[in-house]
Amino acid sequence: MTAVLEDALRDMFAAQVETPPVADDPAGTVIRRGRVSRRRRAVGSLVAVAAALVLVTAGAASLGRWLPHRPSAGTAAGFDVDSLAEVTVGPVEPPTPGRDTRVGLDIRSGAQLWTTDGRRLSLAGVGEVTRIYRVPGGWVYAGAKQVRFLRPDGTSVALSGENDRWALSTDGDRLAFQLDTTLYLARVGATGLALMGDVEVPAGTWPVAVTADRVVVSDGSRGYGLVDLAGRGRTSPRNADVTAIYGVRGDGLIGLVRAANGTGRCLARLATTNGKLQPVRTGGCGFGLGSEVSDGALAPGGRWLAERRGAEVVLVDVDRALDGGRTTLSCPAAGAGPPVWADDRTVVTGGDGEQVVRCRTDGTEETVPLPDGVSQDWQLVPTLTALAGGR
């Protein structure tokens, strides 16, 4: 019986397989039409959602132009401290590690950065480069158009500012910059700026140095003052007797003040006293410092000061000078470049022709040729590290 049923089932299925499909199949037609309709509805829904998203985004952007604007922690670029930074990609040439120039510092050659390990990276996006520093994680460079952060892979991100009104902390971690009459303090990183605070300052001032919790400002004529962003933005009165700021050392500053007799300048350690920037120690009044103030540079640890005087660079022992002693070293260097410290004991400056001079605090010196191909407008790149401004 079972065998008979199995044979009948086999015959029935075989007949169904051999039977061709009906040419006029209403059910199949309905199914196909339903599938097409569902696809059309899905595409229409996606188009509607995209259009709605565009309208909402445009409306939010338009509304944002009319809402009150205050900066907050985040990326800052250009004059809009809330905007996202634009990234420029591309090393100029493939890295060539191992090409030590013996200069001991990176070199800016035109619109390129030549690193100590042989890389050549583009310094794009700022026009003619006027300032550049090596900082932890990369380089900060600027021109008339903008300030940017260059990453080791050759990409760069916009920071802020359009002119020279900005200053970095000695460790390269914080940037003070001024837009109109607002002074901002921000942390510098590979993704841009993280704003820490802002305060209104008098027109015509600009930041010149960043201490642990204050920004030193100047207006070029009435001396230097301090802005305390942590203390509700208080600005100390400017001290007209302070004529130059060389750098940060510990919790104070090293600079120049007018001598008591008014006929010269003295090296000074400066600190805030009674809410005003004041000298707490002075010395070296007979050293002739300050003849070319812009060419003075404080060593990372703050122990030595280097200043160009014509065809030589003079090294001043800051501690001995402030104690009333006199320890200076002279290093012949006929070039016009400002001195830049490679470390606490070695300062580098331009020499005669296509070479640099490395002067050490032990009195020795070394002449090193520039790498082949460096442009005539080359520049030594100062290094800002966490060790700077130590004691």
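Being among the acidic types (Asp, Glu) and crowded, with 17+ Cβ neighbours inside 10 Å narrows it down to one residue among Asp173, Asp164, Asp180; which is it?
Asp173
Suppose we filter Gly143, Gly220, Gly192 for residues that are surrounded by 19 or more Cβ atoms within 10 Å (Cβ to Cβ), at positive phi and either free of Cβ contacts under 8 Å to residues at least 24 places away in the same chain or not assigned by TED's automatic domain parsing to the domain that holds Gly296 (or both); which single one remains?
The conditions single out Gly192.
Considering each of Ala203, Ala244, Ala212 in turn, give the residue that is in contact with a strand residue (DSSP E or B) (Cβ under 9 Å, 6 or more places away or on another chain), part of a loop (DSSP other than H, G, I, E, B) and either touching a residue at least 24 places away in the same chain (Cβ under 8 Å) or not aromatic (Phe, Trp, Tyr) (or both).
Residue meeting the stated conditions: Ala212.
For region 349-379, which residues satisfy the criterion of being surrounded by 12 or more Cβ atoms within 10 Å (Cβ to Cβ), of a type outside the set (Phe, Trp, Tyr) and touching a residue at least 40 places away in the same chain (Cβ under 8 Å)?
Thr349, Val356, Val357, Arg358, Cys359, Thr361, Val368, Leu370, Pro371, Val374, Ser375, Gln379 - these are the residues of region 349-379 that are surrounded by 12 or more Cβ atoms within 10 Å (Cβ to Cβ), of a type outside the set (Phe, Trp, Tyr) and touching a residue at least 40 places away in the same chain (Cβ under 8 Å).
Looking at region 296-341, what strands (runs of 3 or more DSSP E) fall wholly within it and have at least 1 residues that are modelled with pLDDT under 90 and surrounded by fewer than 21 Cβ atoms within 10 Å (Cβ to Cβ)?
Where strands (runs of 3 or more DSSP E) fall fully within region 296-341 and carry at least 1 residues being modelled with pLDDT under 90 and surrounded by fewer than 21 Cβ atoms within 10 Å (Cβ to Cβ), they are 304-309, 312-317, 328-332.
Out of region 179-191, which residues are touching a Gly at 6+ places or on another chain (Cβ under 8 Å) and assigned to a strand (DSSP E or B)?
Answer for region 179-191, where residues must be touching a Gly at 6+ places or on another chain (Cβ under 8 Å) and assigned to a strand (DSSP E or B): Leu179, Tyr184, Leu185, Val188, Gly189.
Does region 227-234 include one or more residues that are among the aliphatic types (A, V, I, L, M) and touching a residue at least 60 places away in the same chain (Cβ under 8 Å)?
no
The values are calculated or read from the model by the stated rules, or taken from the named source; none is laboratory data. Being a predicted model, the structure only gives us computed values, none of them experimental. Note: ideal-geometry Cβ built from the backbone for every residue, glycine included; neighbour counts use all protein chains shown.
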